[in-house]
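Structure first, commentary second.
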Amino acid sequence: MRNFCRALISGAMVFALSMTMSFSNTADGSEKHIGKAVETLPLFDAHIHYKEPAWGPYPPATVLQLMDKSGVAMALVSSTPDEGTIKLWKYAPSRIVPELRPYHGEAGSSNWTKAPDMFDYLMKRLNTYPHEGIGEFHLHSVDPSDEALLAKIAELAKSKNLYIHVHSGKEPVDLLFSLEPELKIIWAHAGMSEPAETVETMMATYETLYADTSYREGDILTPDGTIDPAWRRVLERFPDRFMVGSDTWVNEQWDSYQEIMAENRKWLGQFPRPIAEKFAYKNAERLFGRKVENRLIGKR
Ligand SMILES: [Zn+2]
């Protein structure tokens, strides 16, 4: 989907479109889009993984250089296994917000809820390192046999004031909030394949539901490079809930990291400055209690 869009949308075309739209918006008196000035905003990447296959070709210094080149001041990082997250956090503690992914050893996206000792593993890691969330983990469906573990995780997240970062459709998010209504959930990829209308309903239902928009650039941007109307509606109705992200789940995503973040700036550029700033970094500042600034770029 992303490559499809990339092929269709040339940078020049998007630039021309955003300039036209900025002009017409100014002309009719409505709020001006941030346009090209989006390039000057620091970004908070709310969906980075630093998985084992990346450690060789993309050592921590290289990852930070990629972030620097894309104006990414800070990132929320989770990894398979968690050692990757800790490696990156130790290298650049002022740039990395760690969260704990359950996957390790034989426990992966499809079977982690069945792994014996999973809860003990999570407790041990959380007691050792300063993770600020649990995830990103997958819940492919609602499985009643998972509920006992998920209830314990939800209770743990609430007691330690941690975010839950879940890659799932609507139903598992409903389940998590039913287990613990005060949870703070970051919905990975804004529901991934859920339509904008469902995302809007979910945001209206749950006040502490947030989302990263990784892998959604091709949904938010139409093939002609404008913003999809249903996505504009939900993004503008809930400007305090969304954060951009890359999702470096395979090394190919690291290979095209700069293009991915550039594509995020393409859609951010078509929103008024106050909203674009929230999606780019201000929501993350509020959620994680950090200052996300350009002066962090180039530092560790
Ligand atoms: Zn992911």
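Each reported figure results from applying straightforward, stated rules to the coordinates on display, with no laboratory input. Here the structure is a predicted model, which is why all the values come from computation and not from measurement. Virtual Cβ from ideal backbone geometry, glycine too; neighbours counted across all protein chains shown.
Residues that are more than 16 Å from the ligand (Cβ to nearest atom), under 19 Å from residue 163 (Cβ atoms) and touching a helix residue (DSSP H, G or I) at 6+ places or on another chain (Cβ under 8 Å) within region 245-279 comprise just one, 279.
Condition check: surrounded by fewer than 18 Cβ atoms within 10 Å (Cβ to Cβ) and farther than 27 Å from residue 66 by Cβ. Does residue 155 satisfy that?
Values: surrounded by fewer than 18 Cβ atoms within 10 Å (Cβ to Cβ): yes; farther than 27 Å from residue 66 by Cβ: yes.
Considered against the rule, which asks whether it is surrounded by fewer than 18 Cβ atoms within 10 Å (Cβ to Cβ) and farther than 27 Å from residue 66 by Cβ, residue 155 comes out as yes.
Applying a threshold of 8 Å to beta carbon distances and a minimum spacing of six or more residues, or different chains, the list of pairs starting in region 239-252 at a residue that is more than 18 Å from residue 55 (Cβ to Cβ) and ending at one that is within 14 Å of the ligand (Cβ to nearest atom) and in a loop (DSSP other than H, G, I, E, B) reads 242/213; 243/213; 244/213; 244/214; 245/213; 245/214. Checking each residue in region 194-218 for being under 17 Å from the mean Cα position of the chain (by Cα), small (Gly, Ala, Ser) and away from the ligand (no atom under 14 Å from the Cβ) picks out 196, 218.
Which ones in region 178-201 are over 19 Å from residue 244 (Cβ atoms), of a type in the set (A, V, I, L, M) and outside any loop (DSSP other than H, G, I, E, B)?
Step one: of region 178-201, the residues over 19 Å from residue 244 (Cβ atoms) are 178-183, 195, 197-198, 201.
In the following step, the residues that additionally are of a type in the set (A, V, I, L, M) were identified as 179, 183.
If the condition is that a residue be over 19 Å from residue 244 (Cβ atoms), of a type in the set (A, V, I, L, M) and outside any loop (DSSP other than H, G, I, E, B), then 179 is the only one that fits.
Report whether or not residue 230 is surrounded by 20 or more Cβ atoms within 10 Å (Cβ to Cβ) and touching a residue at least 12 places away in the same chain (Cβ under 8 Å). Considered against the rule, which asks whether it is surrounded by 20 or more Cβ atoms within 10 Å (Cβ to Cβ) and touching a residue at least 12 places away in the same chain (Cβ under 8 Å), residue 230 comes out as no. Across region 108-127, the number of residues qualifying as free of Cβ contacts under 8 Å to residues at least 12 places away in the same chain and not in a helix (DSSP H, G or I) comes to 3. Sub-7 Å Cβ pairs linking a first residue in region 188-200 that is free of Cβ contacts under 8 Å to residues at least 40 places away in the same chain to a second residue that is part of a helix (DSSP H, G or I) and polar (S, T, N, Q), at least 6 apart or interchain, are 191/198, ordered by first then second residue.
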